[in-house]
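Encoded as structure tokens, the structure appears first; notes follow it.
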Amino acid sequence: MAHWLFKSEPEKWSWEMQKAAGEKGQQWDGVRNYQARNNMRAMQIGDRGFFYHSNEGKEVVGIVEVCALAHQDTTTDDARWECVDLRAVKDMPKPVTLEDIKANEKLAGMVLVNNSRLSVQPVTDAEWAEVCRVGGLKG
């Protein structure tokens with residue numbers, strides 16, 4: 001299973017909105033960056049990701065799971081743009097801020113630190129475990 005980070009501005013799509021989408025989940029639409037799109041194309045059902053509030057909050061607030069493989073983004077007719085569907089899995093017991101991440105030497109190589117503008121990004125297994133630990137999640 002691969003791990004990812006999904007960035008969203010909470011005023012546009014918040015963690016509370018993601019949770020309200022329920023088991024069916026919601027397509028992660030509106031992405032117009034080729035690298036982010038290609039990351040979604042690489043995802044498999046069951047891959048997990050961090051839900052990150054960008055701009056306001058700047059923190060990991062929850063865990064999501066890929067529940068539908070890459071498909072046409074229904075917010076555009078342009079066939080180049082695809083997205084996956086995500087469902088909320090659990091809250092992060094203690095949100096992990098960008099400040100926490102930048103201050104942690106184990107997370108110095110994280111894409112979030114080095115390419116903060118990328119909206120859908122990979123997370124290594126070691127980074128996943130460390131962010132989960134800092135956020136109060138076991139295993």
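The values are calculated or read from the model by the stated rules, or taken from the named source; none is laboratory data. Note that the structure is a prediction, hence the values are computed from the model and not measured. Note that we place each Cβ from the backbone using ideal geometry, even for glycine, and neighbour counts take in every protein chain shown. The protein model used for the area step is the full one, side chains on, heavy atoms only, and it has no ligands, DNA or RNA in it. Shrake-Rupley method; radii C 1.70, N 1.55, O 1.52, S 1.80 Å.
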Q: Work out from phi, with θ = phi - 60° and the Karplus expression 6.51 cos²θ - 1.76 cosθ + 1.60, the ³J(HN,Hα) of each residue of segment 30-46, listed in order in whole Hz, and give x for Gly and Pro.
A: x, 6, 10, 9, 4, 5, 5, 4, 5, 4, 5, 4, 7, 6, 10, 4, x
(Q) Given R₀ = 30 Å, what would the calculated FRET efficiency be for Thr97 paired with Asp77, taking r from the Cβ atoms and rounding to 0.05? (A) 0.20
Q. Across segment 118-134, in residue order, what do the Karplus-derived ³J(HN,Hα) couplings come to in whole Hz, using 6.51 cos²θ - 1.76 cosθ + 1.60 with θ = phi - 60° and x for Gly and Pro?
A. 5, 7, 10, 9, x, 10, 6, 4, 5, 5, 4, 4, 5, 5, 4, 4, 4
Q. Heavy-atom accessible area per residue, the chain, 1.4 Å probe: how many Å²?
A. 52 Å²
Q. What residues qualify as long-range amide H neighbours of Met92, i.e. H under 5 Å apart, gap of 5 or more or another chain, H built at 1.01 Å from N?
A. Gly62, Ile63
Q. Amide H neighbours of Glu82 under 5 Å, counting only residues 5+ apart in sequence or on other chains, H built in-plane at 1.01 Å?
A. Asp73
Q) So what are the ³J(HN,Hα) numbers for segment 49-57, from phi and the Karplus equation (6.51, -1.76, 1.60; θ = phi - 60°), rounded to whole Hz, Gly and Pro as x? A) x, 7, 9, 10, 7, 9, 6, 9, x
Q: First select every other residue whose beta carbon is under 14 angstrom from the beta carbon of Lys24; then total the charges, Lys and Arg +1, Asp and Glu -1.
A: -1
Q: Quick one: divide the alpha-carbon radius of gyration of the chain by 2.2 N^0.38 Å and tell me what you get.
A: 0.97
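Determine the share of segment 41-139's accessible area contributed by carbon and sulfur atoms, expressed in whole percent, with a 1.4 angstrom probe. It would help to have the intermediate numbers written out before the result.
Working: 2390 of 5030 Å².
Ligands and nucleic acids excluded, carbon and sulfur reach 48 percent.
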Q. Hey, in the GNM for the chain with a 10 angstrom Cα cutoff, which one of Arg48, Arg32, Arg87 fluctuates hardest?
A. Arg32
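Compute the length gained on full extension between Thr124 and Glu11: take 0.36 nm times their separation in residues and subtract their Cα-Cα distance, giving the result in nm to one decimal. Display every interim value, and only then the final one.
On the way: separation 113, 0.36 × 113 = 40.68 nm, distance 2.81 nm.
Value of the extension gain: 37.9 nm.
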